[in-house]
1. Once you have the Cα-Cα distance between N173 and E14, take 0.36 nm times their residue separation minus that, and quote the gain in nm to one decimal.
2. Per-residue HN-Hα couplings for the range 77-92, Karplus 6.51 cos²θ - 1.76 cosθ + 1.60 at θ = phi - 60°, whole Hz, x for Gly and Pro?
3. Quick one: which residues, 5 or more positions from D50 or on another chain, have an amide H under 5 Å from its amide H? H modelled 1.01 Å from N in the peptide plane, none for Pro or chain starts.
4. Report the number of Lys pairs in the chain whose alpha-carbons are under 21 Å apart, with separation of 8 or more residues or on distinct chains.
5. Which cross-chain or sequence-distant (5 or more) residues have an amide H under 5 Å from the amide H of S131, H modelled 1.01 Å from N in plane?
6. Sum -39500 (n - 2.57) across every DSSP H segment of at least 4 residues in the chain, then divide by the residue count to get the 222 nm mean residue ellipticity, nearest 500.
7. Among DSSP beta bridges whose residues both lie in the chain, state the antiparallel percentage, nearest 5.
8. How high is the relative contact order of the chain? Use alpha-carbon pairs under 8 Å, at least six apart in sequence, and give a whole percent.
Amino acid sequence: MRIDIITVLPEMLEPFTTQSILGRAQKKGLAEIHVHNLRDYTTDKHRRVDDYPFGGFAGMVMQCQPIDDCIAALKAERDYDEIIYTSPDGEQFSQPMANELSLKKNIIILCGHYKGIDHRIREHLITREVSIGDYVLTGGELAAAVMADAIVRVLPGAIGDEQSALSDCFQDNMLSAPVYTRPADYKGWLVPDVLLSGHEAKIKEWELNQMIERTRKLRPDLLNE
Ligand code: SAH
């Protein structure tokens, strides 16, 4: 799949898109992430992309022209399944949404800045608006990085053991079971016996019970969904 991110701060996204899971997934050819500097698309001779809001409100607003031209340039190259705007008033990002978006071929993520973008872009070009939580960030870059990471992580082959992404928290609307590694006895802190038993069915049963118990205790809301 391909993710195009439009931003005024491309250097902020660079470390997220080139390292770790996103970096490796791209080397393996599972995903392509392209970051576009919105300033490359402005017709303003000072490379400005924002202006004062109509109505005399405080703050600056990102203008239509650079965003429209950047999206048009991308659309001229390929079809996009979604053109997403990161926004605190959008639909809340979640694991099911990450799974769903990972099945798309091409998506654009537009990062806002300042007071946000001219509303006409949202009305005419954006297909989906996504928030990463009920708090306000200074820009959409961290939201885009969070989304790209969660989306690429579930692509088959992106993380070492394919099973591992499927057994993560939230995949079945449940929290995952605790994990342990060697040594089995650390300062008298013991690993549950069953995990050392080699009895596969019992281990699976323990895992499921842990998932149910932890979800009931920590996130009962998930069980009602
Ligand atoms: N005035 C806007 C906030 C602008 S914050 C409002 O009150 O809704 C600047 C930019 O940061 C936004 O345009 C958006 O792209 C991004 N942003 C801020 N909080 C976000 C969140 N919780 N999720 C996703 N993007 C967010």
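1. 54.0 nm is the gain from fully extending N173 to E14.
2. Using θ = phi - 60°, the values come out as 8, 6, 7, 10, 7, 8, 10, 9, 10, 7, 7, x, 9, x, 5, 6 Hz.
3. Here Q63 satisfy the definition.
4. 7
5. Answer set, sorted by chain and number: S87, G90, E91, Q92, F93.
6. Working: 9 runs with 86 residues, N = 225.
One gets -11000 deg cm²/dmol as the mean residue ellipticity at 222 nm.
7. Values: 4 of 25 bridges.
Looking only at bridges with both residues in the chain, the antiparallel portion is about 15 percent.
8. Details: 328 pairs, mean separation 46.7, N = 225.
That works out to 21 percent.
The values are calculated or read from the model by the stated rules, or taken from the named source; none is laboratory data. Just so you know, these numbers come straight off a predicted model, no measurement behind them. So basically every Cβ, Gly included, is an ideal-geometry build from the backbone, and we count neighbours across all protein chains shown. Accessible surface areas use protein heavy atoms only, side chains included; no ligands, DNA or RNA. Shrake-Rupley method; radii C 1.70, N 1.55, O 1.52, S 1.80 Å.
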